[in-house]
1. What relative contact order, as a whole-number percentage, does the range 220-311 give when Cα pairs under 8 Å and 6 or more residues apart are counted?
2. Pairs of alpha-carbon atoms within less than 8 angstrom and 6+ residues apart define the contacts here; what relative contact order does the chain have, in percent?
3. In bins 10 Å wide, starting from 0, what share of all Cα pairs of the range 85-212 does each bin hold, as a percent?
4. Output the peptides 124-133, 227-236 sorted from most to least packed, where packing is the average of other Cβ atoms within 10 Å over each peptide's residues.
5. Does anyone have the angle between helix 103-112 and the longest principal axis of the chain? Alpha-carbon axes, 0 to 90°, nearest 10?
6. Between the range 72-88 and the range 286-309, how many Å separate their Cα centres?
7. Toward the positive end of the charge dipole of the chain, about the Cα centre and with charges on Cβ (Lys, Arg +1; Asp, Glu -1), which of P26, G49, C113 goes farthest?
8. Past 28 Å, Cα to Cα, is the threshold; run K127/K239; K92/K340; K40/K132; K179/K212; K40/K293 against it and keep the listed order.
Amino acid sequence: MQGMNSRAEAAMTQTFIPRVFSGIQPSGGLTLGNYLGAMKRFVDMQADGGFETVYCMVDLHAITVWQNPEDLRRNTRELCAGFIAAGIDPEKSILFNQSQVPEHAQLGCCFNCVARMGWMKRMTQWKDKAGKNSENASLGLFGYPALMAADILIYHATHVPVGEDQKQHLELTRDIAVKFNNDFGVDFFPIPEPVIEGSATRVMSLRDGTKKMSKSDPSDMSRLNMTDGAETLVKKIKKAKTDMDPLPDNLEGLDGRPEAQNLVNIYASLNEMTVQAVIGEFSGQQFGAFKPKLADLAVAKLAPISSEMSRLMQDPAEIDRILARGAERGRALAAPILQKTYDIVGMLR
Ligand code: TRP
């Protein structure tokens, strides 16, 4: 990737409104990982007060791999319900669906001409997702990171909360912003900062503490879903894999015990306390004693979210109205930035 040069640094010193952008794919199945690793952090940044917050359901990213149209519609609404149930206020934040703000795709088109083939080929997510049969992967999957750059930069966003796995895409976004500014001799796009989650919000499988909790794991017992009711949450936590040892009295005592570490992390994140404090409270106790406490906590925090989601899902028309309003607000920010980009590039008005 390119190094920073003086013009890039100048762009960084330009002042931009502190604005958060992040996106989640509406590809179905929201887990505790989505909640703790993304939504809960988005809610915190909304509450922070120092930022404008813009949150998006990235349906154009979802279709880079096959999506059944009916499922996509349903999953988009469910994701919207999830955002709201988790605490995103569509008045405080701009909450919308990517395809309803066409400026994302339009800026993406320009960025396809800024990004280089070589940059894209180095993306580890491309390599993982395309696998051995990359000739048969969609062109959209290859270009995914350029559209992601457009998502962020169409709002001149300055801060982007993402998981560790998106760090490389954020680097690429910065490279695109730098190259655009350089190529056209402008200080137009900000160089956005990734806001990476701490390891305590990295939620692992309940069946294997070395694997990320995933909606695509064949076993539903491996994950807590945002749509799980109280009974299911309790059952899954009860059955979660652990070891025979009691909880340690210091952090090092969790080393080499991925399942124990994971349950302690989940407790800490859900209860907004440090891992150290959880250990302080439960050291010496067996998992037989800790798990019911964790289950109570999970039910207290997650069951209201799941029931609010199902309430919202009963009125899809209301969800569509919320998204339409969000798209209108998104466009109000995005349209002038696209227009300015077109002017810079040399498109006629
Ligand atoms: N690629 C992100 C993911 O899969 C989703 C995403 C799309 C995104 N556009 C974005 C995240 C812009 C942050 C900013 O998790």
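Read-outs: derived from the displayed coordinates by stated rules, not from any lab. Everything numeric in this text was worked out from a predicted model, so none of it was measured. FYI the Cβ positions are ideal-geometry reconstructions off the backbone, even for glycines, and counts take in every protein chain you see.
1. Relative contact order for the range 220-311 comes out at 41 percent.
2. 23
3. The distribution over the range 85-212 is 11, 35, 35, 17, 2, 0, given as percents.
4. Highest mean packing first, the order is 227-236, 124-133.
5. Roughly 70 degrees between the two axes.
6. Taking the Cα centre of each part, the range 72-88 and the range 286-309 sit 21 Å apart.
7. About the Cα centre, the residue reaching furthest to the positive side is C113.
8. Violating the 28 Å limit, Cα to Cα: K127/K239; K40/K132; K179/K212.
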